[in-house]
1. With equal scatterers on the alpha carbons only and no solvent term, can you work out the Debye log10 of I(q)/I(0) for the range 110-176 at 0.13, 0.19, 0.25, 0.26 1/Å?
2. I need the peptides 383-390, 262-269 ranked by packing, meaning the mean over residues of other C-beta atoms within 10 angstrom, with the highest value on top.
3. Over 27 Å apart: what share of the alpha carbon pairs of the range 66-218 falls there, rounded to a whole percent?
4. Return the FRET efficiency for the residue pair N285, K163: r is the Cβ-Cβ distance, R0 is 41 Å, and the value is rounded to the nearest 0.05.
5. Which order results if Y141, Y199 are arranged by neighbouring Cβ count within 10 Å, fewest first?
6. In whole Å, what are the extents of the range 243-366 along the principal axes defined by its C-alpha atoms, from largest to smallest?
7. Set the Förster radius R0 to 51 Å, insert the Cβ-Cβ distance between S8 and E174 as r into 1/(1 + (r/R0)^6), and round the FRET efficiency to 0.05.
8. Given K190/K273; K92/K307; K80/K190; K17/K381; K247/K376, which pairs have Cα atoms separated by over 27 Å?
Amino acid sequence: MAKRKSRSGYEPDPKMKFTFGLWTVGNPGADPFGGPTRERIPPWKIADIVGSVGAYGVNFHDNDLIPIDATAEEAAAIKKDFRKALRDNGLKVPMATTNLFSDPVFKDGAFTSNNAAIRAYAIQKTMRAMDLGAEFGARIYVFWGGREGCETDAAKDPVEAIKRSREAMNFLCEYSISQGYGYKFAMEAKPNEPRAHIYNAVTGSYLAFINTLDHPEMVGVNPEVAHEHMAGLNFVHQVAAALEAGKLFHIDLNDQEFGRYDQDFRFASANLKHAFFLVKLLEDNKYNGPRHFDSHAYRTSDYTDVKSFAAGSMRSYMILKEKAERWNNDRAIQSIVKQVNAAAPAVSKLTKKFTKKNAKALLAADLDRVQLAKAKLPYEKLDQLTMEIIMGVQ
Ligand code: GLT
Ligand code: MN
Ligand code: MN
């Protein structure tokens, strides 16, 4: 059994590529019912916080770094300070994205807006934001269509919305290629908030959409725990589908109570069992992209507590990673896993590939359903052993 580490033994491992967004650690704590509870701090100061907790990198939307109405001189000064903070803290910028949701121009969407000039502006803004990301070394570009949706289907043709999204993605793929940026695009789904209904509501929708693009090889997904849980889905299964398809380009880790508003809680703070299986899935499958924490500290926190929030996110991941190893090395668990995964070489070789011969042999095979149904499946025992690992007594 793996040795249990001391309280201080779960430092963030750079190989995990733990990242935070300027918009997450710098979130000032506003909600729909009240204004900010923390002062807004500049990007370089946010980078200092991210660096102080030992993270790998920091990501941004164009306007997290450069305000939408900044002059060229202001932009240059902000970039200079930010670049210095990145250097001082040894931080990378693995991912960048575009804010296509805050400004009133996007109130009815960006790429799917009914107004062709707004659609063009959204693409133009994204091209500029891609330039900015590339300037800081970003190689992953996230697309979260926060306002790509509607309140009423009277407002927008949903088929047209898909076509408009495709046109934008095809254009931007070509832009990345022509600029030599080498971006991988990661599409992020969400079912609702801020719109009543957002198109491509779940990760699976994007997995289907990607294959209709001109450059599907450039495009993958960025699933977020909270978003799939808002939809009542099993996030681990969504991520597994993306992994298996070779499309998990980025991941947004946070937490969310089922059936509530978009909470963006600290990773592993609400649904520990799901968080455990998620970490196990990522580690077992050797996911090596960034692990981004897309969450906010409670509105009650000050910036000292924000540091606890950021450090805690990474620490919980490291703890769950150790628990996943413990699960993989636990003799009682592995013997059940082995027992339930019953091998049947004589028939499984027939189903590997369809041939007329295999089909004929399979039809003739002696598969006694009554006998087969008798195989033991001690999943209660297996789950209890799993829970005891999660609860820390195994
Ligand atoms: C916004 C959203 C997130 C997205 C970010 C990227 S912005 O905070 O809630 O889920 O990942 O645009
Ligand atoms: Mn969210
Ligand atoms: Mn997200």
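1. For the range 110-176, the Cα-only Debye profile gives -0.38, -0.75, -1.13, -1.20.
2. Values: 383-390: 15.5, 262-269: 20.5.
With the highest mean Cβ count within 10 Å placed first, the list reads 262-269, 383-390.
3. Details: 2922 of 11628 pairs.
Every Cα pair in the range 66-218 considered, those over 27 Å come to 25 percent.
4. About 0.75, to the nearest 0.05.
5. On the way: Y141 26, Y199 21.
Lowest count first: Y199, Y141.
6. Over the range 243-366, Cα extents along the principal axes are 70, 32, 29 Å.
7. Values: r = 49 Å, r/R0 = 0.97.
After rounding to 0.05, the efficiency reads 0.55.
8. Flagged as over cut-off: K80/K190; K17/K381; K247/K376.
We did not get these values from a lab; they are worked out from the coordinates using the rules stated. In this text, all values refer to a predicted model and were calculated from it rather than measured experimentally. Neighbour counts run over all protein chains shown; Cβ positions are idealised from the backbone, glycine included.
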